[in-house]
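Working notes, beginning with the structure itself.
The values are calculated or read from the model by the stated rules, or taken from the named source; none is laboratory data. Given the structure is predicted, the values throughout are model-derived calculations rather than measurements. Don't worry about glycine lacking a Cβ; one is built from the backbone with ideal geometry, like all the others, and counts go over all protein chains shown.
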Amino acid sequence: MHIDLKMNILGGQHQLRKTAIITIIAMTLMLCYFTSASIVKLYRAGSPMPAALQEQEVPYRLVLITQEMDTPFWDLVGDSALAEAEKQGISLQIWGSYGSNEDDFLKKMEIAIASKVDGIIVQGLDTEEFNELTKIQAGRHGIPVITVASDVPMQDSLRRTYVGSDHKEAGRLVARELLSDMGQAGTVILIGGSRQRYDQDLRLAGIHDILQHYPDIHTVFAEAPDERERVVSAARDVMNRYPEADALIAVNSNITETLVREIGKRYQQSPFRIYSFDDSPETMELLKAGKLEGMILQSPEEMGRISVDLMVKWLKSEAGPLDMSGYYTNIRMVKAEELP
Amino acid sequence: MKMSIQHKIWLLAAVVLVIMASIWAALTYYNQQTQDQYNNILQRYIQMNDASIASKELVAALNNYLVTPAQEQRALLQEAIDHIRQSKYEMYRLRNTDNDAELSSVVHLMDSLVETTDRTLLLRSENDPEATSTTFAEATRLSLYISEMTLTLIDKELNTYNPFYRGIIERTEALKQLGVWLLLLITFLLAVFTYWFSHSITRPLLSLSRAAKEISRGRFDLRIEVNSNDEISFLAKMFERMRVNINNLIMEIQEKAQLEKELQQSRLLLQESQLRSLQSQINPHFLFNTLDTISKKAYLEGSEETSDLLVNVAELLRYNLKRLNRSVTLYDEVRVLHQYIEIQTARFAERLQFQADIDERCLYIQLPGLTLQPLIENAVIHAVEPREEGGIIRFIVKDEAEHVRVVIEDDGPGIPEAKIRSIVAGVDTGSGGHSTGIGFSNVVQRLKLFYQGADVIHIKSAQGAGTTIILTLPKRGNEEHVQSSDCG
């Protein structure tokens, strides 16, 4: 009996010991797990410092400067240009002014020239200051300038080349479309803006190229300044003067929306065929809504890609002399009835 | 591994020290790193700001020089130019993958500013005030651009380092957590380690003291075992040796006492046997010769029967004395048996009827001496002597294929079952005093020894229906027994 009791106690002790050892091992494992987990967490926490740049990794620094930052068109140009720059292994920065702030735009140009970038791809601005900058300042530093989307006269700016739509051809396209829609007689109002005069002139030249062969078509040109109110008043004015007009062409790209809205206020059903050179999403909406007859669709991606490519080729002196007259990207006419 | 207590303590202290030192080192290293990173970033901001300040200073110095073209102003201007150059180189070092473009711009702007300054100075020396003021305006603009660009750069830096700052905060948080877990882990491990460590010291002590208690109680036969590898184990070993020594001594003393006791006993026995041997110190040859002489005398006096009887007695006596430890042939045994029967016949006359049926061919086999005579004597004592009408004893020797069967039969009162069993088992039953000295059980034992335990003797008996003793003596293998017995 006594021995039995002792045995039981010993057995109990043994059991207890076993439990204690298992508990200790479990505790140790658990604590080890949590400790190592937090070590891993500590190790993973935080992002590394940006790597220091030891040498010139990027062979060329390019700047793309526009007057209209953050517009869908220029976003597309910028994105494709960036993609191309990455592909070529060069650095490209996109600078620009918002809402066509000319002073800011020119300042950006000046900074780009002063900071000695290797090449400037710029939306052309046909002003004296712009031409002065590209011709004298950039020329002094030997910085090549390529205009994109909007051109400036070559001899004034000494730009290397131009990449973008052939605006004269765009004008011809619209004129032909107008002829086929309207027939060979009628009155056409051409409304232009005060900016990007060079593009506008080219477009007008293209339109006249075609329409001059049709004496029964009268063209009237009206200029609408940039400000919204004045576009409205100019539109009213011209509509008052030519209420019998058959078509209306917004030669400057930025006025289409204002114009269409103003016409919408005046007439239930627009008596004009309206054509636009603008391919912004808003204009596209108007086209879909049937407020526009047709519009010119440009290729911003191509512009970005080709301009960077040409600039790099020029810098590497691979392409030889660039075609001064410019590299034209695709344009096509989009009609309201073509859309789904 | 031998490890003294001191070593164990040193080990514990070392482990604790190493853990604490490594944690301290890791924390210090981490803090240092974090601080370095902070410093680095701050340094960058200061440097960038310095670029802006340097460009403003340069323009101010240039302006001062243009207004008052004194020597000291020129020196100050030069100083400003040096400063901006220095700052430019410093800036150049801050380039990284994120800010490369902006930083390059700033650096080049600074270059342009220095160039424009130089041009301004040149134009001034050429005395062209209009161009001078134009270039100065350009320099002023450039300085503004630098400031702007620097701000953009700092802005970008802030953006770049924002996740990094968050990372630092995250890491600090993680470090706090790690600290808690590490503290728990170390506390736990140290507790376990300390327990184990103290246990490893106290456990052997405990078992040693238990052993000491047992010894103090007088138990010297328990082995002292201590599982340890330090001084305690040495102590335990010494203690164990002491215990063994004491135990041996006690055993020795006990053995000695035992020996002494036995010695005493055997001394007494010796005295007794000496006495006995003194009592029985009659020369047997003297007895034989005397018996022979008496026999001759009886023969001469014409008493032939007495003479024969005496010869038989003498023969029997000689046989008894000689053959006890030897194997003999069945023939000898039968001869002695006849002599014995003759003596007994003289005693019991008609009362003893002895019938013998002996197969002469079997008489060559060997068997221990004095086997048959005690059995016959037993029969005579129990079956003939107590009965007035006497008894019949049959003696048969029969040849069987591998055995010789010897049967001794009487018609006496029989032997009780229990007694038979005790006889066959070889227990001395102490039969009556008038035998020739060799009892039944003695015969059984000797037969067992001789035939190496083979079952050779069978006793059949029934109350009042006589006793039959059957010996089954194997024929084969007898020769060896003879030899071994002779040698022995």
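Looking for something β-branched (Val, Ile, Thr), part of a strand (DSSP E or B) and touching a residue at least 40 places away in the same chain (Cβ under 8 Å) - is there at least one such residue anywhere in the stretch B:374-387? Looking for residues that are β-branched (Val, Ile, Thr), part of a strand (DSSP E or B) and touching a residue at least 40 places away in the same chain (Cβ under 8 Å), one finds none in the stretch B:374-387, hence no. Among the residues making up the stretch B:163-179, those that are of a type in the set (A, V, I, L, M) and at the interface with another protein chain (Cβ under 8 Å from one of its Cβ atoms) are B:ILE168, B:ALA174, B:LEU175, B:LEU178. Selection over the stretch B:77-100 of residues that are away from every other protein chain (no Cβ under 14 Å), surrounded by fewer than 17 Cβ atoms within 10 Å (Cβ to Cβ) and over 16 Å from B:ASP111 (Cβ atoms) gives a count of 2. The residues of the stretch A:145-170 that are assigned to a helix (DSSP H, G or I) and under 18 Å from the mean Cα position of the chain (by Cα) amount to a single one, A:HIS167. Here B:LEU103, B:LEU123, B:LEU151, B:LEU113 are screened, and the one residue that is closer than 30 Å to A:ALA85 by Cα and more than 12 Å from every other protein chain (Cβ to nearest Cβ) is B:LEU151.
Residues that are part of a strand (DSSP E or B), of a type in the set (Asp, Glu) and closer than 24 Å to B:PRO474 by Cβ: does the stretch B:357-371 have at least one? Yes, some residue in the stretch B:357-371 is part of a strand (DSSP E or B), of a type in the set (Asp, Glu) and closer than 24 Å to B:PRO474 by Cβ. If only residues of the stretch A:230-256 that are of a type in the set (S, T, N, Q) and without any contact (Cβ under 8 Å) to a residue 40 or more places away in the chain are counted, the one that is surrounded by the fewest Cβ atoms within 10 Å (Cβ to Cβ) is A:ASN240. The residues listed here are A:LEU62, A:LEU53; of these, the one that is under 30 Å from A:VAL148 (Cβ atoms), at pLDDT 85 or above and either more than 11 Å from every other protein chain (Cβ to nearest Cβ) or surrounded by 19 or more Cβ atoms within 10 Å (Cβ to Cβ) (or both) is A:LEU62.
You will find that of B:SER228, B:SER198, B:SER207, the residue that is touching a Lys or Arg at 6+ places or on another chain (Cβ under 8 Å) and either loosely packed, with under 12 Cβ neighbours inside 10 Å or of a type in the set (Gly, Ala, Ser) (or both) is B:SER228 and no other.
Taking the stretch A:193-207 as the range and being farther than 26 Å from A:GLU338 by Cβ and in contact with a helix residue (DSSP H, G or I) (Cβ under 8 Å, 6 or more places away or on another chain) as the test, the residues that pass are A:GLY193, A:ARG195, A:GLN196, A:ALA205.
Quick check on the stretch B:198-220. Is at least one of its residues at the interface with chain A (Cβ under 10 Å from one of its Cβ atoms), without any contact (Cβ under 8 Å) to a residue 40 or more places away in the chain and among the charged types (D, E, K, R)? The answer is no; no qualifying residue exists.
When the stretch A:288-333 is limited to residues that are in contact with a helix residue (DSSP H, G or I) (Cβ under 7 Å, 6 or more places away or on another chain) and of a type in the set (Gly, Ala, Ser), the one that is surrounded by the fewest Cβ atoms within 10 Å (Cβ to Cβ) turns out to be A:GLY290.
Comparison of A:ALA235, A:ALA245 shows that the only residue that is at pLDDT below 80 and not in a strand (DSSP E or B) is A:ALA235.
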